[in-house]
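The values are calculated or read from the model by the stated rules, or taken from the named source; none is laboratory data. No experiment lies behind these values; they were computed from the predicted model shown. Calculation scope for accessible area: heavy atoms of the full protein, side chains included, ligands and nucleic acids excluded. Shrake-Rupley method; radii C 1.70, N 1.55, O 1.52, S 1.80 Å.
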Amino acid sequence: MVAHSERFANENETEMRTDSNNDADDVVSYLCNDLDLKGSIDFSQTGPAPKDFGGLFSARPLAFIKPADTDDVAKVVRAALRSSNLTVAARGTGHSINGQTMAERGLVIDMRALEEGMEVIRLGESVYVDVAGGALWGDVLKCCVSGYGLAPRSWTDYLNVTVGGTLSNAGVSGQTFRYGPQISNVKELEVVTGKGETCVCSEVQNSELFFAALGGLGQFGIITRARILLQKAPDMVRWIRVVYAEFEEFCRDAEFLVTRPEGETFDFVEGFAFVNSDDPVQGWPSVSLGSTRFNRAPVPQTAGPVLYCLEVALHYENGDDPSSIDAAASVKLGRMRFCDGLEFQVDVSYPEFLLRVKQAEQEARAAGQWDAPHPWLNLFISNEHIADFDRTVFKEMLKDGVGGPMLVYPMLRSRWDDRTSVVLPEGEIFYLVALLRSSPPYPQGPPVEELVAQNLQIIQCCTQNGFDFKLYLPHYKTQEGWKLHFGNQWSRFKKRKSCFDPMALLAPGQRIFSRNYLNPLVPTSNSTV
């Protein structure tokens, strides 16, 4: 993943922009009069489409389209195909970071308009929920848990994002070590391809499209419906956090937990690094649960600038004997080597636990930080190099924090399906590192440009030190960067693109391929990664 600088011929791109400007009025007229949508088209430029959660990019689409159904989505794609240069982006809640849901002078489809139509079904011994691609995971939680006592096996930490959006990436959280990411728990998809065709696909039907779309960054089709595997939902959760002064002990316990058989470990395993200070956002106060406050006295005097917290959870039912829950938690914690006196526990309902990030969102909104730029960086790093990452990045570059959470926890490669489009580090155990920065307005915090530059420095540090890593929610500005990201899977990715979106009109905000009706697979920029 070395940052590259290349020269690419831009004559075709310049010509396309000129044609787009000249033909804009004709395209608008066509879309208004001839597309025959059941939904609506907004040309006002005042909606949410030009921006996203990251706040680092903006792009003005030609139109923001609210489809009434999947047929409308297919009509929009076919309309773009009949033009010489229109592109199409699917937008859920816009929770992307680097403009991935945008389409400059293209067509942005509001997938939230397709949120209805959730149905729980039984097929043989298994139960599934059929859900629209634009539905929120929070709505899936309400429908399945409240209505049926069932729940998806794998979640994301934040549930105010769409089903289609996370399935286009992977969808990871503290259950991933056991059940794999969300894309490993899908039975069937309905996808509108870049050819404007609506296809139902699964492991046995249109399987190449099925695995391409899962983790495919929106490059092969727009997910309009998904069938998600369900299981019985617990009633309650024993939510526990324990603190470590040494990263090696933190990793040893985390890896022990995620490799134990079910029943011998917790039901949820995550972790994070935090600053060894009283900073209310990223220091000791960020660790406590319930009414118990962090007492720094047990922290060893030899502790460095960064401490570590394992966050685990144990599921149980309302009718379970409380003493049995205490005993089960005690046995599992007894095998771990965290700092004595730095253990925090609270019992919450299962929905309350899954919605735990919502409280952080409310606090950020109240503080005026939710709408600030969010230059996040997400990495998958091999366990072979995670200790070196801690030494060079956490303890040096990020010893003062990032203004938000610094997640770090292990997952198992064997829980992922290598037929999907996601690329991972080598080896069975790898770590998610998520630097969830928030950039308050300067001078309250450093300029956002400095934070973006530090993200690049971290990537360069990983590259120069030979770490085995991949970006999660990846972003590159050159096709050469994308080739390095996909490595030996690049040829498969490009072949799938040629098959399912040969004119390269889908997901232009990813900046992987540029639309060109003569040669769709042309790099987009001469910028650096």
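Listing for the model above:
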| quantity | calculated |
| --- | --- |
| Relative pair counts by distance (%), Cα atoms of region 124-202, 10 Å bins | 17, 51, 27, 5 |
| Accessible surface of region 435-490 [probe 1.4 Å, protein heavy atoms]: carbon and sulfur percent | 51 percent |
| Protein accessible area in region 242-281, 1.4 Å probe - carbon and sulfur % | 46 percent |
| Accessible area in square angstrom per residue, the chain, 1.4 angstrom probe | 41 Å² |
| For Arg153, solvent-accessible area (1.4 Å; no DNA, RNA or ligand), Å² | 70 Å² |
| Radius of gyration and maximum dimension Dmax of region 194-351, Cα, Å | 20.8, 63 |
| Percent breakdown of C-alpha pair distances by 5 Å bin, ordered from the shortest bin, for region 170-210 | 6, 22, 23, 17, 16, 11, 5, 1 |
| Cα-derived Rg over Rh, computed across the chain with Rh taken as Kirkwood radius | 0.97 |
| Thr302 accessible area, 1.4 Å probe, all protein chains in place, Å² to nearest 10 | 120 Å² |
| Radius of gyration and maximum dimension Dmax of region 406-464, Cα, Å | 15.7, 47 |
| Alpha carbon convex hull of region 56-155, volume per residue in cubic angstrom | 119 Å³ |
| Region 290-377 - Rg (one decimal) and Dmax (whole number), Cα, Å | 17.0, 47 |
| If the convex hull is drawn through the Cα atoms of region 140-180, its volume per residue in Å³ | 70 Å³ |
| Considering only the chain, percent of DSSP beta bridges that pair antiparallel, nearest 5 | 90 percent |
